[in-house]
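Asker: Below is a structure I'd like to ask you about.
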Amino acid sequence: MDMMIRDMTMKASDQNKKVERGEIVKMILMTVGAVGVLAVGVVCPNLLQLMKPVLRKRYQPERVKQAFYRLDKKGHLIIRQTSAGWAITLTEKGRLELLAYELGQKQLQKRKHWDGKWHCLMFDIPEKQRTVREQVRKLLGKFGFHRLQDSVWVFPYECREVLDLLRTKYQIRAEALYVVVESLENDRWLKKHFGLK
C-alpha cells in the first residue's frame, strides 16, 4: 500500500512538473511574441519582472532560465548575447507554437458580415494515425467547425490559422488541405447551423 501511494505521489509530482514547464514555456512565448524582440540585461530576473506577481512567486529563476535554453535548442527562440545584453527573438516555429497556445484558449471569432464563402479543412490521415485523426476532429469541433463528411470540415469565415496550428501540432502537411468554396449545393441547413442570413 505504501509503495502504491509513493508511486502515485511520484506520478503526481511528475505531472505537476510537466504542467509547470508548459506554463513557463507559454509565458515566455507570449511575452516575446508580444514585444517582438525582447532585450534584457540578464535573462531571468528581467523576464520575471514582466510576469504577473502570482507567477513570479511560483517559478524559480533557474527553471525559467532552463526553459529559455530548451526553447532556443528546439528552435522556438533565437537567443543571442549582444554588447547591451541578451536579444531574444521569436522564430517562425515559435510563432506557430504560440499560435497553438493561443488557439487552445479561445474559439474562432464570428464576424458581423459573411462574404458567402465556405472555408473548408480537409484531411486524409491514415488509419495507423487514428489517435491523431481523433484529436484533429475533437479540436475542429471545439473551434466550431461543422463536419460535412468524415474528413471534410467547414467554417463560414477565414480560418487558415487553424490549419497552421494542426500542421505544427500534429506534423501533418500533405494530409491537410485548405479550400475556399464559393458555392455549396443545398447549404441552407449550414447557414441555419451557423446563424447566417
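The values are calculated or read from the model by the stated rules, or taken from the named source; none is laboratory data. Note that this is a predicted model, so its numbers are computed, not measured. Methodologically, a virtual Cβ is constructed for each residue, glycine included, from the backbone with ideal geometry; neighbour enumeration extends over all protein chains shown.
Asker: Under 7 Å by Cβ, and 6 or more places apart or on different chains, what pairs join a residue from segment 141-154 that is in contact (Cβ under 8 Å) with a residue 12 or more places away in the chain with one that is surrounded by fewer than 19 Cβ atoms within 10 Å (Cβ to Cβ) and among the aliphatic types (A, V, I, L, M)?
Answerer: Phe143/Leu108; Gly144/Leu108; His146/Leu190; Ser151/Met122; Val152/Met122; Val154/Leu148; Val154/Leu190
Asker: Something else now. Name the single residue, out of those in segment 143-158 being assigned to a loop (DSSP other than H, G, I, E, B) and at pLDDT 90 or above, that is surrounded by the most Cβ atoms within 10 Å (Cβ to Cβ).
Answerer: Of everything passing the filter in segment 143-158, Pro156 is surrounded by the most Cβ atoms within 10 Å (Cβ to Cβ).
Asker: Additional query: Output the residues belonging to segment 159-182 that are over 14 Å from the mean Cα position of the chain (by Cα) and loosely packed, with under 11 Cβ neighbours inside 10 Å.
Answerer: Arg173, Ala174, Glu182
Asker: Find all pairs meeting these conditions: Cβ atoms under 8 angstrom apart; at least six residues apart or on different chains; first residue within segment 155-167 and touching a residue at least 40 places away in the same chain (Cβ under 8 Å) and under 17 Å from His193 (Cα atoms); second residue assigned to a strand (DSSP E or B) and of a type in the set (A, V, I, L, M).
Answerer: Phe155/Leu121
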